[in-house]
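Comments concern the structure below.
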Amino acid sequence: MNKVMDKRALGPGIVEFTVAAPLIARKARAGQFVVVRAHERGERIPLTLADWDSASGTITLVVQEVGKSTRELGEEFAVGDAIRDVAGPLGTPSEIMAYGTVVCVGGGVGIAPIYPIARALHDAGNEVIAIAGARTKELLFWLDRLGQVSDQLIVTTDDGSFGKKGVTPAALQEVLQARRVDHVWAIGPAIMMKFCTQVCREFGVPITVSLNSIMIDGTGMCGGCRVEVKGESRFACVDGPEFPGDQVNWDLLLARLGTFKDEERCALERYLAAKGVAR
Ligand SMILES: Cc1cc2nc3c(=O)[nH]c(=O)nc-3n(C[C@H](O)[C@H](O)[C@H](O)COP(=O)(O)OP(=O)(O)OC[C@H]3O[C@@H](n4cnc5c(N)ncnc54)[C@H](O)[C@@H]3O)c2cc1C
Ligand code: FES
């Protein structure tokens, strides 16, 4: 059982949890994730280790409420409650080394997982340019944290309500046009990572992306997270979640993300009906 030590709202439908998980906090590295099961009958959902503190034995998770399980976590778990299972750290850590100048792009809830990577790259001596973007001002968070571990922070909103108006790949393009960059990281919706990859291809800059394929066990046994990278099947949970963006079959990933749309809608409707919430 993993106790919720702190909980705060970061924006509409975005919740930050600090959870007691001493063994995970001791081993966590940037780029890794956990698989969470809220209660005995809950489904397993992957969530990135957005931060951790080995001294206090806690990890930080940032959850965007998109369906039944993430809403359940956000709406029903309070400080003092116990999350049934938190398994991890899972996945291959980010390849942190001295690249030179790196750009770290976080889109939407992807701002949370890009933070520990930017921090590790900064600690490794890289010049870090961070780009954080969201649809609108209210959905931006952790700009202070990201600012502390980057040499330059560029903020974008699709509607122009804060920072530069536009999407993160456009901001990335401007940076690559203006100066030499040695490596790019991008985490966010698959479509955003696909466009960031296209921009990097144009400028011949390598890009690492973190694939959000549908995961179940997180250990390489179920095959649920299969993705095509460089023409071969790979398991995002154990071979990734990070891969070179220009080797990813984006169309296949985008199609597979929609595989369970009907079941997901059904689960959310049942959950809301049980709570007496009309849709
Ligand atoms: C390695 C990894 C790290 C992630 N880190 C975070 C994070 O830090 N914060 C966060 O809010 N979300 C994160 N996600 C996505 C998160 O796991 C899904 O949003 C969640 O599983 C959705 O569950 P649901 O029941 O609420 O919604 P559902 O109704 O089941 O699904 C809603 C949408 O979420 C996506 N999704 C559903 N199930 C999964 C799954 N098992 N794995 C991935 N995507 C899924 C699909 O696109 C789906 O259409 C991560 C995903 C992966 C693969
Ligand atoms: S989640 Fe089961 S193989 Fe990756």
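The values are calculated or read from the model by the stated rules, or taken from the named source; none is laboratory data. Note that this is a predicted model, so its numbers are computed, not measured. Counting neighbours? That spans all protein chains shown, and the Cβs are built from the backbone with ideal geometry, glycine included. We work out accessible area using only protein heavy atoms, side chains counted, and drop any ligands, DNA or RNA first. Shrake-Rupley method; radii C 1.70, N 1.55, O 1.52, S 1.80 Å.
Of note:
- Residue selected from region 184-204 under the condition more than 15 Å from Ala134 (Cβ to Cβ) and open to solvent by 20 Å² or more (accessible area, probe 1.4 Å), by the criterion nearest to ligand 1 (Cβ to nearest atom): Lys194
- Count - residues of region 222-232 that are at negative phi and within 16 Å of ligand 1 (Cβ to nearest atom): 7
- Selection count, region 43-56, where residues are within 16 Å of ligand 2 (Cβ to nearest atom), part of a loop (DSSP other than H, G, I, E, B) and farther than 11 Å from Ala87 by Cα: 1
- Test result for Glu95, assigned to a helix (DSSP H, G or I) and either within 16 Å of ligand 2 (Cβ to nearest atom) or more than 14 Å from Ala21 (Cβ to Cβ) (or both): no
- Restricting the first member to region 234-247 and to residues that are over 13 Å from Asn212 (Cα atoms), and the second to residues that are open to solvent by 60 Å² or more (accessible area, probe 1.4 Å) and more than 13 Å from ligand 2 (Cβ to nearest atom), the beta-carbon pairs closer than 7 Å and six or more apart or on different chains are Pro244/Pro206; Asp246/Arg201; Gln247/Lys230.
- Boolean, Gly218 is in contact with a helix residue (DSSP H, G or I) (Cβ under 6 Å, 6 or more places away or on another chain) and either more than 16 Å from ligand 2 (Cβ to nearest atom) or not polar (S, T, N, Q) (or both): yes
- Residues of region 113-141 classified as in a strand (DSSP E or B) and either within 16 Å of ligand 2 (Cβ to nearest atom) or surrounded by fewer than 22 Cβ atoms within 10 Å (Cβ to Cβ) (or both), total: 1
- Residues located in region 59-76, provided they are open to solvent by 20 Å² or more (accessible area, probe 1.4 Å) and in a strand (DSSP E or B): Gln64
- Subset of region 205-221 that is closer than 21 Å to Pro116 by Cα and out of contact with any Leu (no Cβ under 7 Å at 6 or more places or on another chain) - its residue that is farthest from ligand 1 (Cβ to nearest atom): Pro206
- The one condition in (1) of a type in the set (Val, Ile, Thr); (2) open to solvent by less than 20 Å² (accessible area, probe 1.4 Å); (3) away from ligand 1 (no atom under 16 Å from the Cβ) that Val79 fails to fulfil: (2)
- Counted residues, region 206-227 - those being surrounded by fewer than 20 Cβ atoms within 10 Å (Cβ to Cβ), closer than 21 Å to Glu95 by Cα and of a type in the set (Val, Ile, Thr): 1
- Test result for Gly160, part of a loop (DSSP other than H, G, I, E, B) and more than 16 Å from ligand 2 (Cβ to nearest atom): yes
- Yes/no for Thr48 being of a type outside the set (Gly, Ala, Ser), touching a residue at least 60 places away in the same chain (Cβ under 8 Å), under 26 Å from Thr156 (Cβ atoms) and away from ligand 1 (no atom under 15 Å from the Cβ): no
- Scanning region 6-28 for residues that are within 14 Å of ligand 1 (Cβ to nearest atom) and in a loop (DSSP other than H, G, I, E, B) returns Pro12, Gly13, Ala28.
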